[in-house]
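See structure below.
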Amino acid sequence: AGRSQSKLEKVVAECQKLNPDRAPPSIEICNLSDIDLSNLAKKTFILITTVGPYGQYGEHAFKACAENGTHYFDVTGEVPFVAKMIKKYEAAAKESGAVMLPQIGVESAPADLITYSLASFIREEYSSPTADVTLSIHNLK
C-alpha cells in the first residue's frame, strides 16, 4: 500500500500544480467489498469505475451507488453483467435517485451506434415511432 500511496500522492501533487486555484482531488484506496464501496459511495456524487472483468469485480460498486444515491458510470462491455445489475438494483437506484450509466466506453459504442441507426431507419423508412430497440450480437461459431 505504501508504494501505491506514494504514486497517488504524486498524482494529487501534479493536479495541484496544474490547477493551484482548485482543491486537490481526494484519492482513496478501498477494497472491493460492499462495506468499503458503500462507504466510498456515501462520500461522493459520481463514481466512475474501470474495474474488470465486471462480472467478477463490478457488482460491489454498482450496488453501493444504487443503494446510496451516487451516480454511476462504467466502461464495461459485458452485456450479461449489465443485465444482471439492472435486474438486481433497478428498484434501489430509482428509490435512491442514483443515475446508473453502465457501458459508456468504446466497447459498447459500436452496438449503441448500430441500435441508434436501426431505430432511426425504422422511424424514417416506416414513419413509425420506436419505443425500445434491442440489438444482440452473437458469435455464430
Checked ALA61, ALA92 against criteria (at pLDDT 95 or above and out of contact with any strand residue (DSSP E or B) (no Cβ under 6 Å at 6 or more places or on another chain)); the one match is ALA92
For residues that are at pLDDT 75 or above and polar (S, T, N, Q), scanning just the range 110-141, find the one that is surrounded by the most Cβ atoms within 10 Å (Cβ to Cβ).
THR115
Sort out which residues of the range 12-33 are assigned to a helix (DSSP H, G or I) and loosely packed, with under 13 Cβ neighbours inside 10 Å, and write them in order of number.
ALA13, GLU14, LYS17, LEU18
For residues that are open to solvent by less than 40 Å² (accessible area, probe 1.4 Å) and either among the basic types (Lys, Arg) or in a loop (DSSP other than H, G, I, E, B) (or both), tally how many sit in the range 90-109.
4
Residue in the range 13-33 that is more than 23 Å from LYS94 (Cα to Cα) and of a type in the set (Val, Ile, Thr) present
yes
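The values are calculated or read from the model by the stated rules, or taken from the named source; none is laboratory data. Remember, it's a predicted structure, so these values are computed and weren't measured experimentally. Cβ coordinates were reconstructed from backbone atoms using ideal geometry, including for glycine residues, and neighbour counts include every protein chain displayed. In case anyone asks, the SASA skips ligands and DNA or RNA and just uses the protein heavy atoms, side chains included. Shrake-Rupley method; radii C 1.70, N 1.55, O 1.52, S 1.80 Å.
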